[in-house]
C-alpha cells in the first residue's frame, strides 16, 4: 500500500494540476483579447474619426446654407481685410495675446470652431479646418497656422482668368496636420502628392482649388518658404517627416487655379465608411479566432482529463498489487 502522506501529496498535485488548467483558459482569452484590441485599434479608430469628420463637415455645410447673405459677406470681407494687413506687414509668427484674440474672432461663425474643410482626392482625405495648431486641434483635424493668410484667398482673384488681378496683393495660407497618429490618418499620406496634384479648400460657400507646384523638406525653424509672394495666391500643407521620426517638416505648396466646375461648393463625401459598417468585418474574425481557441482549449482539457484518469488507474492498479 502507498503510505498516507504519499497518497495525500499525489492527490494535492492532481488538484493543483486541475486548478492550473482551469486558470489557463481565462488567462489565454484575456491575452488574446488584449492582443486583438491592440491590433485592431488603429484601423477602427481611424474609421471612427473619419465618420465624425464626415458628420462635422455635413453639419458645417448645413449651417452655412442657412446663413444670411449679409452675414456671409461680413465674414468674408473681414477675413480679406485681415489678409491685406498680412500682405503689407508680412506673416506674424510671434503673435501677442491681443493678436491671437483678433485672429480667433475671424471666420468664427461655427460654434465648434470649424472654419471649413480641405479635400485631397489623391489620398482620399477630407478634414475639417480649425483655428490654430493646438494639440487638441491636431489630434482630430487640420489646423490653420496663425500668422498666415486666412483661407479665403486673394480679394482680386478672378475665377475666369484663373489669377490674382492686383499685382500688389498676395496671400499664403498655411495648414498643418499630424501624420502617423494611431487614432487618425490625417496627413499621413501627404508625401504621396506630386507636382500637378489638386487639393481643395471650402470656406463658407467659397471653393478654392490649389495645384501642387512645390514640395520641400525643411528644418522646423525654416519659415522662408511660407512668406507672401506678391501677385500669387498660395496654400502650403505642412506635416512632420520622416514618418515616425519627425525631425523635419514636409511642405507641399499649391498655387490657386480655376475650379474644375466653376465657383461652386464642393459636396462633402457622405460615403465615408461608418464604424457600424466595419464592425462585422472586425467582429467575425475575432469570433472565429475565439471559437478555434475554445476548441483547442477543449481538446487540451480532454487530454488532461484522460491523463488524470490514466494516472488514477495506474495508482489503483499499484495499490491492488501491493
What single numbered condition from (1) crowded, with 16+ Cβ neighbours inside 10 Å; (2) modelled with pLDDT of 50 or more fails to hold for residue 272? (2)
Count of the stretch 169-192 residues which are under 18 Å from the mean Cα position of the chain (by Cα) and either outside any loop (DSSP other than H, G, I, E, B) or within 12 Å of residue 122 (Cβ to Cβ) (or both): 6
How many residues does the stretch 203-214 hold that are crowded, with 19+ Cβ neighbours inside 10 Å and at pLDDT 95 or above? 4
Within the stretch 234-269, residues modelled with pLDDT under 65 and over 15 Å from residue 119 (Cα atoms) come out as 262, 263
I want to confirm something. Restricting to the stretch 123-144 and keeping residues that are surrounded by fewer than 20 Cβ atoms within 10 Å (Cβ to Cβ) and part of a loop (DSSP other than H, G, I, E, B), which single residue is modelled with the lowest pLDDT? 140
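The values are calculated or read from the model by the stated rules, or taken from the named source; none is laboratory data. Note that this is a predicted model, so its numbers are computed, not measured. All Cβ positions, even for glycine, are placed from backbone atoms using ideal geometry, and neighbour counts span all protein chains on display.
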